[in-house]
Structure formats: C-alpha cells, structure tokens
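What follows is a single structure, written as structure tokens, with notes after it.
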Amino acid sequence: MDKLKMHTPSLADGKFAALTVLFPNAVTETVDENGAVSRAIDKDVLMQEINTHVVDGREERYQFTWPDKHKSVLLANAPIAAALRPVRNDEPALVKDEDGKVITEYTRTGSVDFDATENLYIEGDNLDVLKLLRETYLNRIKMIYIDPPYNTGNDFVYEDDFVEDTDNFLNRDGQYDEQGNRLAPNLNSNGRFHTDWLNMIYPRLRIAKDLLADDGVIFISIDDNEVAQLRKICDEVFGVTSFICNFAWQKRYSPPPDTKEVGYVHESIMMYRKSLSFVMGVLPFSDDQLSRYSNPDNDPRGNWKATDYSSRYTRTERPNLYYPIINPNTEEEIYPKETRVWAMSQDVHKSHVLEDRIWWGVKGDNKVPSLKNFVSEIMQGKMPQSLLLHGEVGHTDNATKELRELIPILKFTAKPTKLIKHLCRIANIEDDSIILDFFSGSATTAHAVMQLNAEDGGKRKFIMVQLPEVCDEKSEAAKDGYATITEIGKERIRRAGRKIKDEAGEKAQDLDIGFRVLKLDSSNMKDVYYTPDELAQMQFDFDGFTDNIKDDRTSEDLLFQVMLELGIPLSAKITQKGNLLCVNDNYLIACFDRVDTALITEIAKKKPYYAVFRDSSFANDSAMVNFEQVFNTYSPNTIRRVL
C-alpha cells in the first residue's frame, strides 16, 4: 500500500524526466559547488540530438527579460506543501479601531450550500492556490478572467519570497504571512518598479496556462503602466500565435475631472487562447440592430435587410464578376458601375433569382439591385469588436452602483457584470464550463456567472481566489464588520445569488447560488511525514511523532488534501456515513479513524476506486496484513493509499 505524497509535484523534476525519456544519452551527472553529485543535461549532446543551433552565453538573441526572471521560473515550477481547508462556517471575528477598541463582533456564514454547490471560493495567496489546483484542474478551465494590480504606485503587488531555497520548500508552513505573500506599495521611485510587478505576474500566468482547456481563453484587464510588459509576457507564456485581441473597454463616458494631458476613458483587456482549438463566440444582436430589419414586401420568411449587390473590385481585377443582370420588372439589362463588379458569380446570382432574394425597390425599378439578408438566418449572432463601448458592456459607475445596491456601505472600484458576461460570450462558454478568477476582489466574476446561468439556464461553475487583504480599519466596510476583502467578496456572492434567484422566479429554482469556502493553510502533515529518515536520527522524545498529522486538523481537512493529491475536483459531492467519508458515490472512501476487520470488509465490499486511511488507523502489522487480504478478496482493483 503506497503512501500519498501530500505536496504538489515539482514541474522541474517532471520536465527533467521527460528529457530523460527523449534523450537518455544527454543525461549526465556533475558535482555542484558543495561537492555533491547532481543531475545535469549535456548541452553538446542535446544540440547534436535536436540538430539545431542552441543559443548560449551572451550570444545575441531576441528575448524579454528582467532581473530575477530566472527565479520567477523556479518559483512557478517549485512544489509546495500546503493544504486547502474547508470552511463550513466562519469563526466569530472582532473588528477593532486604531486604539485596539472593539468596534463590532460578527459571525458571517462561511460556505453556502456546502454539500450541494459546485462553486468554489478560495482564500489565500493565489500563487500557492494555483499550484495546489494545477494537477486536479489541469486542462479543465474554459475561461480565466483576472483583474490584477495595475502597478500604479498607489495599489499593491504581491511580494513573493525569492530568498528561500526552493529545495527547502517542505519547511514552509503554508501561511501567507510567513511565506512572503505580503502586500507592499510599489512606488514609481522604486528602481524595481516594473521588475517587482513582472516577478509577481509571470509565475501565476505560467500556471494559469496549465489550467486552461485546449479550447480555453484568458482575459486580463490592465492599464497603460504595464500593458506593454504584459503583452510580451503573454507572448512568451501562451505563444505569439495565441494572441487574439487587446480590447479597449470604455470604462468612463467622460474624462476624469483632474485630467491634465490626455483624458483616459478606457482600459485594456488582453485576450489569449490556449490553442487553435478555441472557437470564437458570437454575440446577440441588440434591439437597435434588430430594428434595422423590416419586411416591406411581406416576405413569408420574415424581416430582412437589403445589402449591396456589388463589390469594390474593378472589371480588370475580377472580369468573371462583370456581367449583365435582368430586372424582371422592367426587363432592363443592368451592369455594375464601371469601378465595381457584382459581389457573386453568375451561378450564385441565378440561385438568388430562383429563391427570390433580389430586391429592386418598392416600385421595382431600381437601377442597382440589393440582396435580402433575413434576420432568421443570422440570429446566431454577430462577431465581437475590439472596442467595448460602455453602452453595451457598462462602465465603472454602473459597477459601483451595482455593488452598492447589494452592500450599500461599500465604496469600491469594480468591473460591471455586463462586461464579464460579454467576455463569457466571446469565450464561447458552454453551459457546464468552469470560469476561474484568481484576483477575485469583490467577486464580480462570480456574480456575472450566476446571472448568465439565470438568463440561459446554464450550469457554469466558478472558482474565485482572493488574498484576505485586511480592510482599512477606518473604512465603512471595516466598521460594518467586513474585516477583509474576502468577507466582502463572499457577502456579495450571497446577496447577489439571492437577488438573482428571487428575480428569476421559477425558471431559476435549480440555479446554483452556493459556494464552498476553502482556506489556504500549511500542510495537514507534520514535518516527520516528509522527512522521516532525518527526524529518526535526532535525539529527543518521539512521543509527539506517534502520529504524523497535526493535532488541529479534522478528517474533512485531510479529505480535501487527499482529493487534491488524487486529482478529484474540490467541488465533488461528499457524504459521511459514520466514520466513512465518501466522495462521488464511493469513487473515493476515506477513513481516518481506527479501523477493524469488519469496517475494512464493509469498505472493500463497496468496491471504491480509491480507499484511503491514515497510518495510525492500523493497530499493528498484523492488522495491515489482514487489511490487504480483505481487499484482495473483495475488491482487488481498489487503489489503496495511506497518509
């Protein structure tokens, strides 16, 4: 029976293993600065194998780099030992003023409909969270939308720890304050103004690409401070050919009053696809656009709009498209204007005549015909445009009003839900897709996904990730009991969900407005779990190591770390039957209490795909032997694991 690793894999190890398979003769060993033998790749052998030039040293090449970029790569690849702990209900919390006086005490509901919902709300540093999600949600996310810090000098950036040796990752405790997941102002006077921002965004985008489905896309909101750098990073991470558009969103209807030079009324939204498998979505027509269609001749096929029957090419350029057309009403022979030709061949024109698609005007005597385009034939929608006008997708005032209608005390800058729904349509989101936002903020994306589901009956799921940044203690939000940004985001989803369901009525009875809250924390396992040989040599009392699981962790805490280890979605249905935790109808059965032969037999007879126990569940070696015999008898194909 194998032991679970209970930490994320090292991508560097995986890539080295892949090279070993492809080019075993290029794998060698060398001695590092400490005299230890370490793995290595022989560059000369690799160059011979791939038969192409390898850029080396200071040789000139096209590249985008910055200080600490190599550490960003290591950070993206390095494994972590951390856990996502489920939160059914939040613990009571206190909000204090600057003098330490308690302003208010509150207890907000944590998860909503924990056992039935398929939505997730995850609190913690998004880099570590993305690493934990990577294996389970690999190639499964249809759309990612993020609104990261814009690096204006007044907002904040994540300070990832580049000092720690990645080989010592197991010593990390998973807490964002001790892991370097802090916030600090990034002022223009900082000599690393761009560097700090690039080191923050780069590893997160590297992992985000892994999560995207082959037909998935990512949208990134950004302003002019880092738009040039973001484009270069995305070209490197996703590939130049994956770039689709840099949308200009009209976020204001007029320039800000303090404008001194150019009045900025837009922000950029960069769009990249994972691969050529992506198919662009189409957008519904507005009422104004549909009003341009009419039916002056009472055509039984419905409303139509007349379009030009000629094209801009000349007779010299397209001689086959220059031919006479007969007006059936006047029997006059009509040629296109000398600088133009007809838009279709003679054979296509003949089919238009037979189908009565040519319009000669109300009196039937127009000198140039038009083609009838029926609204019934183009209702699949219109192609997106690079300019996102506020009249169609909303602006910041709409977003502020929308949020304050739900939580009146908030003074928060957010994105309008109309904008996110618009992007979902462009992304061609199917009704059961997963949408991820790992800079969740006030949870506009979750709000938009629920609204979209209510409108079309979809079953889309969201995953929100947000660092629990502390609200300014003087803010109205803090005074009203919102200690962190995550509290605001969760409360918005609660209120928006109820409002959407109430307004939609019976058609939204099955609408999922819940969310399962998970919080990033250190691994559930003690250090002895990861380094048993090292600790066995130390001279001290071993009583504390009779169990390798931390004392404050519950069976449900362990279950969620096991689910991540085994690649089971964190939204999977969980039922408890006595001491047994069953996931997705016995796909996984876990028991973290003492087990006897009767219970083992009961589990084996259910024939789960996975069966997981803790090491201390077995009283002795004979109990372990008996365990194996029972499973070999009743369910030999069950994969058994211990922790």
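Put simply, the amide H of LEU436, placed in the peptide plane, has neighbours under 5 Å in MET143, ILE144, TYR145, ILE463, leaving out anything fewer than 5 places away on its chain. Here region 11-25 and region 323-381 have alpha carbon centers that stand 63 Å from each other.
Taking 32 Å as the limit for the C-alpha separation, the pairs LYS507/LYS577; LYS71/LYS519; LYS5/LYS274; LYS232/LYS401; LYS3/LYS43; LYS5/LYS232 exceed it in the case of LYS507/LYS577; LYS232/LYS401; LYS3/LYS43; LYS5/LYS232.
Show which lysines lie in cross-link reach of LYS363 when reach means a straight Cα distance below 20 angstrom and same-chain residues fewer than eight apart are skipped. Of all the lysines, those that pass the test against LYS363 - Cα under 20 Å, at least 8 places apart if same chain - are LYS305, LYS372. Between amide H atoms placed 1.01 Å from N, distances below 5 Å from LEU410 occur with no residue 5 or more places distant or on a separate chain.
Taking Cα centre as origin and charging only the Cβ of basic (Lys, Arg, +1) and acidic (Asp, Glu, -1) residues, the dipole magnitude of region 290-360 rounds to 380 debye. Along region 67-79 the Karplus relation, 6.51 cos²θ - 1.76 cosθ + 1.60 evaluated at θ = phi - 60°, assigns HN-Hα couplings of x, 6, 4, 4, 6, 5, 5, 4, 5, 5, 8, 5, x Hz to successive residues, with x for each Gly and Pro. In terms of packing, defined here as the mean over residues of other Cβ atoms within 10 angstrom, the peptides 258-269, 435-446, 488-499 line up highest first as 435-446, 488-499, 258-269. Shown for ILE244, ILE434, ILE463: other C-beta atoms within 10 Å of each C-beta, ranked fewest to most, produce the order ILE244, ILE434, ILE463. Each peptide in 125-138, 502-515 gets a packing score, the mean of other Cβ atoms within 10 Å over its residues, and the list from highest to lowest is 125-138, 502-515. Shown in residue order for region 268-284 are the 3J(HN,Hα) couplings computed by the Karplus curve 6.51 cos²θ - 1.76 cosθ + 1.60 at θ = phi - 60°: 9, 10, 8, 10, 10, 9, 6, 7, 6, 5, 5, 10, 5, x, 10, 10, x Hz (x for Gly and Pro).
Remark: LYS607, LYS71 ranked as LYS607, LYS71, counting other beta-carbon atoms within 10 Å and listing the fewest first.
Laboratory data are not the source of any read-out in this text; all were calculated from the coordinates shown. The model shown is predicted, which means the values in this text are computed figures rather than measured ones. So basically every Cβ, Gly included, is an ideal-geometry build from the backbone, and we count neighbours across all protein chains shown.
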